[in-house]
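Read the figures in this text as sums done on the coordinates, not as results from a lab. No experiment lies behind these values; they were computed from the predicted model shown. Cβ placement follows ideal geometry from the backbone for every residue including glycine, while neighbour counts extend to all protein chains displayed.
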Amino acid sequence: MDDSPQPSSVDRLEAALDSAAFEEAVTHLERVETHDMETRKAALQTVTKIAETQPSTLEPILETVTSFLTDEERSVRLTTAKLFVEIAAADPDGVSSVVPSLAARLADDDEFYFVRARSAEALGYVALEHPETAATPEVLADLRIGLSFDEPEVREKLAKALEFVALGDQNRLRHHVGTLTESLDDPNELVRYHLCTALVVIGCTHPDALSESVGTLRDRLDDENPYVRGRAVEALGVLERADADVSIPDVTAAVDDDPEQFLTARVRFATGRDDPADNVPETVGSIPAIRDRTDELVAEITAPDGDECPNCGLVLPEASVPMCPRCGVPY
């Protein structure tokens, strides 16, 4: 009798994925659905490992993975939603087939708000390449309406998804500029950044759509975040260069702290259109450039200001005793 340990369901799933035996992988995933929560999460983590290196190979199993979006345990649903964000960021084509499942999570008011946030984020990545699939009227309504009442973490992802919708197809939000500008004073700086960026993108194709938003954009010229100020200046510059029949405010006062000349370049864009010597970068007022740098700039916005604990990586408070409050190591 062979007394050697038998491979677990998760081990079998991993072996099937490693050998690209996707029909077998689907079978193991379906079996795992009836196992305990820790096994279900372990199975999803196994899929996530593949997603980190070979996301485009997972399309044959994604329909099966969507069943975990309605798991009874919210931690399993959240792990699944995060997995779809990981895959959608790298392979939006593959995730386009499961948009209805993600949209259903976004639309469910009783769903755990972090699951809704991640579902919105995944839909946004798909909308970059397939706006006709991901940016349906129902999804757009859920994204817009949630800006006014959802949890901060959800609003951040809703705004990001709306920016990506605009990048994918400027026509989709052309007639919803008023809704976007209503949330430009959101306490969350990433909400303000994503929405200002969406307005720039819409304005690049339809500058007239921004004409009623000059006052709200003017209010962002003293925003505490320099990247939000820069996008507001850029949106006003798009209007100025389109010869819109509106009065554009003085944007020069927006330049204060200026990371990487982000603000300065946009003030030049907004004020120097008739001066060929003013060296405005071609990347300003450009939809492809915005698309290429969006994740990079968000990383800069969210980068910690303070030092990190050398032991555990916790961002340390500026004024405190010289000891990490998490792990107790002196610094």
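Could you give me D for the chain, from Stokes-Einstein at 37 °C and 0.692 mPa s, where the hydrodynamic radius is the Kirkwood radius over C-alpha pairs? Units µm² s⁻¹, please.
Using the Kirkwood radius from Cα pairs, D works out to 150 µm²/s.
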Report task. Compare Ile87, Ile202, Ile61 in a GNM of the chain, Cα atoms joined below 10 Å, and give the one with the largest fluctuation. Result -> Ile61
Query - FRET efficiency, 1/(1 + (r/R0)^6) with R0 41 Å, evaluated for Asp36 and Ala303 via beta carbons - result: 0.60
Query raised in the report: Hey, in the GNM for the chain with a 10 angstrom Cα cutoff, which one of Asp169, Asp142, Asp36 fluctuates hardest?
Result: Asp36
Report task. Kindly count the pairs of lysines across the chain whose alpha carbons are less than 14 Å apart, treating pairs on different chains or eight or more residues apart as eligible. Result -> 4
Query raised in the report: What spacing in nm lies between the two simple spin-label points modelled at Tyr113 and Asp256, each 7 Å away from Cα in the Cβ direction?
Result: 2.8
Requested in this report: Choose one answer from Gly230, Gly124, Gly146: the residue with the largest mean-square fluctuation in a GNM of the chain with alpha-carbon springs under 10 Å.
Outcome: Gly146
